[in-house]
Every structure is written in structure tokens, then in C-alpha cells.
Amino acid sequence: MRFAYLQLGSDAAAEDAVDATFDSIMNEWLRMLHMDRLDAYAWTVLKQRIVDRQHRRTPCPQPMDISAFEAALKEVHTDQYEVLTDTIRFYSAVSRLAERQRDAVLLRYGLQCSPGEAAAVMGVDEATVRSQLGQAHRRLARLLDASAES
């Protein structure tokens, strides 16, 4: 639910996506029992239901954009504009990551999951999450460095 909310920005949309995920899993349960990684398949189903909900809704600010404004308001800093622009640059860079890297970053830093918890949610090994996070850090460093120069 927390991940769906982070992606969709509303309780109703998140609940709808999670309910649809459970419905899909229930309908495929007998087939899923023969799979090696049920958790990975369930993660894939959830991600698809989130995409389905994103395509259905009317255009509005993405949840990550809203959180940039919230972070700027909470931050005790002498230059609120600088905090806001840095936060927006960061979230813009995160949105440009590969999907798996973005998922790992959102779970690890957006939802404060440990790498092991993120791995369990995504249905992959912890080493995979650590690798995705390392790749994401390097890509973010390049993206943020490039955006700071421009």
C-alpha cells in the first residue's frame, strides 16, 4: 500500500491498485503455485496495476513532485528556494533511473526499507537490491552533476 501510495498519490488509487493486485493473484493462484519466485511475480503484478491506475487518472502533479514541496517547507534552512530546487532536481533525476533502480531507491529511501526488506518486497535477492542501489547512486551522481552544470 505504501509503495502504491508513493506512486499514485492517493489512498483511494493505492487501495484500488492493491485490491486489483490481490484479485489478479487470486485468479492466477493455482498457476502461481508452480512458480519459483511467487514474490517476484506478485511484485510484477502490483507494478502493472499501478501503471494501469496511472493511465486512468487525470494529469496532476506526481507524488514525488508534491513531496519536494513538502520537504522544502519542513526543512529549517536559510534559503527555502535552494532546498526546493535541490529537492526537485533530485526527484527529477530519480524519475530518470531505470525502473528496477527507481524501485530500489523508492523502497530504500522513500519508504525506509532495509535492503533485505526491499529485496523481499521486490522478490529478488538482497545482493540484487544492493547492486541496483549502487548503480542508482552512480547514475544519480552523473545526472545531478550534469543538471548542476546546466
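General observations
- Over all Cα atoms in the stretch 4-60, the spread is summed up by Rg and Dmax: 12.3, 40 Å.
- Across the stretch 10-22, computed HN-Hα scalar couplings (Karplus, 6.51 cos²θ - 1.76 cosθ + 1.60, θ = phi - 60°) run 8, 4, 5, 5, 5, 4, 4, 5, 5, 4, 5, 5, 4 Hz from first to last residue, x flagging Gly and Pro.
- Taking all protein chains as shown and a probe of 1.4 angstrom, VAL121 keeps an accessible surface of around 60 Å².
The values are calculated or read from the model by the stated rules, or taken from the named source; none is laboratory data. Everything quoted here is computed from the prediction, not taken from an experiment. These area figures cover heavy atoms from the full protein model, side chains too; ligands, DNA and RNA do not enter into them. Shrake-Rupley method; radii C 1.70, N 1.55, O 1.52, S 1.80 Å.
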